[in-house]
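The values are calculated or read from the model by the stated rules, or taken from the named source; none is laboratory data. It should be emphasised that the depicted structure is a prediction, and the values quoted were computed from it without experimental measurement. Methodologically, a virtual Cβ is constructed for each residue, glycine included, from the backbone with ideal geometry; neighbour enumeration extends over all protein chains shown.
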Amino acid sequence: MTDKTMAVDEVVGRLRSGMTVGIGGWGSRRKPMALVRALLRSEITDLTVVSCGGPDVGLLAAAGRIRKLVAPFATLDSIPLEPHFRAARESGSFAMVELDEAMFLWGLHAAANRLPFLPVRAGLGSDVLRVNPGLRTVTSPYEDGEELVAVPALRMDAALVHMNRADRLGNGQYLGPDPYFDDLFCEAADAAYVSCEQLVETAELTKDAAPQTLLISRHSVTGVVETPNGAHFASCAPDYGRDEAFQRLYATTPWPEFAERFLSGPDEHAYQSAVQAWHEEQR
């Protein structure tokens, strides 16, 4: 068995400009934000990002790091449209492939199974095919002869996901209400990095939780990073909820001002300290 523990900066050190990077979580929920912030501290750019977009997409878009985004949406949940994503998209700073959520899911399935595409009904009769002229349809080879959308595999160079707990071998556990697509992100990528709220011994993963919470298996994981509060300001239920006050600040503050105060420090500790100082000011 291999100890796969890494530091945040070690993960980013394995990424390169021009890569296709998948980011797990959903909207403003259980996003690997500590890894995203470390990515912002690097010089990495020109990324193709695959994500059920939330503040991860907003931060990277505002910082000019995205060349192309593949996503079904970009939302902060309690704020319907991610404002920094919207501003960057309206300015035309990156290309976008917008997929129906079901198409996105089966694109991940195709990649995880090393298939070039999977046929789905999702998208038929909608504008998805119009706004994505590169998508193709296929005809069933069987008697039904049904026309289906051929969703291309969403292969990635690297995936970043956040779990509630993990062990040093790369097994990851979620304890919240939804697995999202994090296991598929890991299986669809050439390398997968799991950040977690807490590193525990393997036996602890099943001590007080059902086996189905063991979402991510070590065979699909390259590295594991312990990052307490690492999903902030997104939620990571049941460990903590979304920091709604700080999210509102993020959504309403001009990007240069927000980045200078909260993202210009040398490490994740500087970010967490800046957030704590801001909350203390509000009391």
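If you go through segment 102-127 and keep only what is within 27 Å of R86 (Cβ to Cβ), surrounded by 14 or more Cβ atoms within 10 Å (Cβ to Cβ) and out of contact with any strand residue (DSSP E or B) (no Cβ under 7 Å at 6 or more places or on another chain), you end up with F104, L105, L108.
Summed over segment 111-133, residues that are in contact (Cβ under 8 Å) with a residue 40 or more places away in the chain and within 16 Å of V97 (Cα to Cα) total 0.
Looking at segment 138-148, is at least one residue modelled with pLDDT of 95 or more and buried (at least 16 other Cβ atoms within 10 Å of the Cβ)?
Yes, that holds for at least one residue.
Which ones in segment 72-110 are in contact (Cβ under 8 Å) with a residue 60 or more places away in the chain and polar (S, T, N, Q)? Residue satisfying the conditions is S78 alone.
Yes/no matrix, rows are residues, columns are (1) assigned by TED's automatic domain parsing to the domain that holds R29; (2) part of a loop (DSSP other than H, G, I, E, B):
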position	(1), (2)
E197	yes, no
E204	yes, no
D208	yes, yes
Q212	yes, no
F233	yes, yes
Q247	no, no
Y250	no, no
P256	no, no
S264	no, yes
